[in-house]
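In what follows, a structure is listed as structure tokens, so that the remarks can point back to it.
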2 protein chains.
Amino acid sequence: MVGTPIPHPASGAPPAADVVVVGGGVIGLSCAWRLADAGLRVVVCDPAPGLGSSWVAAGMLAPVTEVHYGEEPLLALTLASARRWPGFAVEVEAAAGVEVGLQQTGTLLVAGDADDRRSVQELHRFQVTLGLDVEWLASRQARQLEPGLAPGISGALWAPGDHQVDNRALVAGLLRAAAHVGVTVCPVAVDHVEIAAGAVTGAWTAAGDHIAAGTVVLAAGWRSSLVGGIPDGLVPPVRPVKGQILRLQHRPGPVRVLTRTVRALVQGSVVYLVPRTTGEVVVGATMEEMGPDTTPTAGAAYELLRNALRVVPGVSELEFAEFTAGLRPGSPDNAPVIGPAAAASGADGLVIATGHHRNGVLLAPLTADAVAALVTGHPGPPEVAPFGLARFAGGASPAAAAAH
Amino acid sequence: MVGTPIPHPASGAPPAADVVVVGGGVIGLSCAWRLADAGLRVVVCDPAPGLGSSWVAAGMLAPVTEVHYGEEPLLALTLASARRWPGFAVEVEAAAGVEVGLQQTGTLLVAGDADDRRSVQELHRFQVTLGLDVEWLASRQARQLEPGLAPGISGALWAPGDHQVDNRALVAGLLRAAAHVGVTVCPVAVDHVEIAAGAVTGAWTAAGDHIAAGTVVLAAGWRSSLVGGIPDGLVPPVRPVKGQILRLQHRPGPVRVLTRTVRALVQGSVVYLVPRTTGEVVVGATMEEMGPDTTPTAGAAYELLRNALRVVPGVSELEFAEFTAGLRPGSPDNAPVIGPAAAASGADGLVIATGHHRNGVLLAPLTADAVAALVTGHPGPPEVAPFGLARFAGGASPAAAAAH
């Protein structure tokens, strides 16, 4: 890459900063905001800030109903971040002057037929052994909470602590909050990180600009493994996991098919419906290993609609507003990679914050606090410690260790 | 409406013409092109030329598989226009210098289960009594023609004379052909027709321009009944009939799920799939009496996808490219209204060409020839004679007469 340290007029990247954040999704923006709030000069580089998987997401904050067998270590992380969410939302809203749409209304996990009920009840027992706050509801009780549920459902699990945030309002809020504390957002990709004499010295953009900086935070989602200049052992092992997702919309008027998040297992298929106070209902999502493909397909639209209609028949009348696909950053153990390059790695100043997979929005507060603590030299949240890059070096991971 | 005969800069309507055509869909544009080609000065007014139901349509030219019980008089009309289509396409392409995508590859009407087969075979018997060119195929024979059909189909009706045209390429071609013979297309609605001393004297646009003209052709689709200035008895009885329709798209490559139009009756539901050589597959369409509502709904998307996947499972992998709704101009007997205002009506020079419902693209050649003949004082296609406005005056219609 041939470039010049003089700012390129097209991208307007400043010539120097304390920190360059590679990636302007909810993770990158949250980190940038916290770092700038701590007094650092921060530049975020992203060709389309906030418009990647953060934009496509549903915004569920669901550590309990998202818990998976074998991922207990991740649960400590997601619960810790969930606890930070109410305060985080207040802070973002105060800093940005706009609302982010946090709805603390709990989540129902609905079982379709009798087989689905057995599976959900098994998950319920697992959740109880983990000490999670969940309650089993008979079909009638669930339909009292949400009269829009199909009469034929066979029961539901009630998770009063699993909430949601409007991820698009959050992106807008974070961009404003970051701007208010002096973060510069450059709409350009980082081509490669510059490292000299064992330490980060800056970043080069795809437009050929150089930004001098002693710290680089790699928060580029699934593209984090494609950023150049990073020593082999420090490239985070992330891959794109395709998610196709629908956005439906109520017609004008007060009627709502749902008032809280409903997840469901229907005839073995998983679906979720996230209703916003704006009238939007987000329906998701596929999990596909297709490489960097974001093509929405007929088959995925069919399955999402079929499953949603089985659980909430009234969805039928909603406007079909948007159907898109995003790419989650998946790691080998489905947990994020948060932490510094190791001391002996020859890349001092490189901090990694990616691999958040299905939990990027949920984990944004904790990740941002961890990264800010790391960069400013303060103690960070202890739950994050096991989730560094080192766990992949020997083939072991927190999740794998727990399973043994 | 306050206006001025001086052309308004926003719309650029010329101050005078021989003919004002109200509506720039396939009907209005075809009429305008024929009239200008005959030497007349023609102005077409439409706020969004070509972007109404002509744009949303699928482009099927299907008099045989579209035949309905009790609509035999309409059949004579649709067959007559179908015969004109090959020549019409050649003429539009020669005049426009672009292709319109006429594919003369026939149509299969597929039966899903045994009940569907009984219904399709009943239709087949009806078609045979009408002398139509149709052939019954066993499931195996149908799948030899189209290997993408689901193995479980129970048979199919083969209509070798039902074809398709790329309706969007047609719109583009008609706009160019019309421009080449001097038609002026003004992107503005007509507010009202001006009538004085028993005859049309021009039209006033929504921008306040006056266009002097001795002839007005009312071809505004379902909005034709909303155009002002027309004496009560001459307002065409048309209403919007909502159609929701999907556009899917093959990925790059030579593989195609279908090579010809497939219509189907699957578990009592009707669906069609129209494959283009461009890789597009149009899947339609709902028929809904919802007034002027063009909101695409979740329920309609679900049903179209479900039905399409039952007939052609490979559709699953196609890109979900577009989902929209259009408004067909429906008349009381589902047949078009083509003809002059009656001699004693007090609106000499008013010509009506609307109400084409599902058959606008198919009937464009015949309608344009009929309107051009009418305006220039030549004999027109005889099949059109029964389809004037007069049939609604006494409550009788060609379709109703045939049913008695």
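Worth pointing out:
- Of the residues making up the stretch B:215-222, none is surrounded by fewer than 22 Cβ atoms within 10 Å (Cβ to Cβ) and closer than 24 Å to B:GLY25 by Cβ.
- Listed conditions (1) more than 22 Å from the chain's Cα centre (by Cα); (2) outside the structural domain of A:VAL312 (by TED's automatic domain parsing) are all met by A:GLY131, apart from (2).
- Qualifying residue in the stretch A:32-43 (condition: hydrophobic (A, V, I, L, M, F, W, C), at pLDDT 95 or above, closer than 30 Å to A:LEU248 by Cα and surrounded by fewer than 18 Cβ atoms within 10 Å (Cβ to Cβ)): no
- Of all the listed residues (B:ARG140, B:ARG168), the sole one being surrounded by fewer than 19 Cβ atoms within 10 Å (Cβ to Cβ) and in a helix (DSSP H, G or I) is B:ARG140.
- When the stretch A:339-395 is filtered for residues that are hydrophobic (A, V, I, L, M, F, W, C) and open to solvent by 60 Å² or more (accessible area, probe 1.4 Å), the ones remaining, listed by number, are A:ALA342, A:ALA343, A:ALA344, A:LEU374, A:ALA385, A:ALA390, A:ALA393.
- Look at the stretch B:256-269: where a residue is buried (at least 22 other Cβ atoms within 10 Å of the Cβ) and a partner is hydroxyl-bearing (Ser, Thr, Tyr) and outside any strand (DSSP E or B), sitting 6+ places away or on another chain with Cβ atoms under 7 Å, you get B:ARG263/B:THR65; B:LEU265/B:SER119.
- The single condition from (1) touching a Lys or Arg at 6+ places or on another chain (Cβ under 8 Å); (2) away from every other protein chain (no Cβ under 14 Å); (3) of a type in the set (Gly, Ala, Ser) that A:ALA213 fails is (1).
- Check on A:PRO292, surrounded by fewer than 22 Cβ atoms within 10 Å (Cβ to Cβ) and at the interface with another protein chain (Cβ under 10 Å from one of its Cβ atoms): no
- Within the stretch B:180-199, tally of residues that are over 21 Å from the mean Cα position of the chain (by Cα) and surrounded by fewer than 24 Cβ atoms within 10 Å (Cβ to Cβ): 13
So that you can scan it fast, the table gives a plain yes or no per residue for (1) modelled with pLDDT under 95; (2) outside the structural domain of B:GLY380 (by TED's automatic domain parsing); (3) more than 15 Å from B:THR367 (Cα to Cα):
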| position | (1), (2), (3) |
| --- | --- |
| B:GLY3 | yes, yes, yes |
| B:GLY28 | no, no, no |
| B:CYS45 | no, no, yes |
| B:LEU77 | no, yes, no |
| B:ALA82 | no, yes, no |
| B:ALA89 | no, yes, no |
| B:GLY97 | no, yes, yes |
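- Counted residues, the stretch B:295-334 - those being open to solvent by 10 Å² or more (accessible area, probe 1.4 Å), within 7 Å of another protein chain (Cβ to nearest Cβ) and in a helix (DSSP H, G or I): 5
The values are calculated or read from the model by the stated rules, or taken from the named source; none is laboratory data. Quick caveat: nothing in here was measured; it's all calculated off a predicted structure. When we count neighbours, we look across all protein chains shown, and the Cβ atoms used for this are built from the backbone with ideal geometry, even at glycine. Surface accessibility is based on the protein's heavy atoms, side chains included, excluding ligands, DNA and RNA. Shrake-Rupley method; radii C 1.70, N 1.55, O 1.52, S 1.80 Å.
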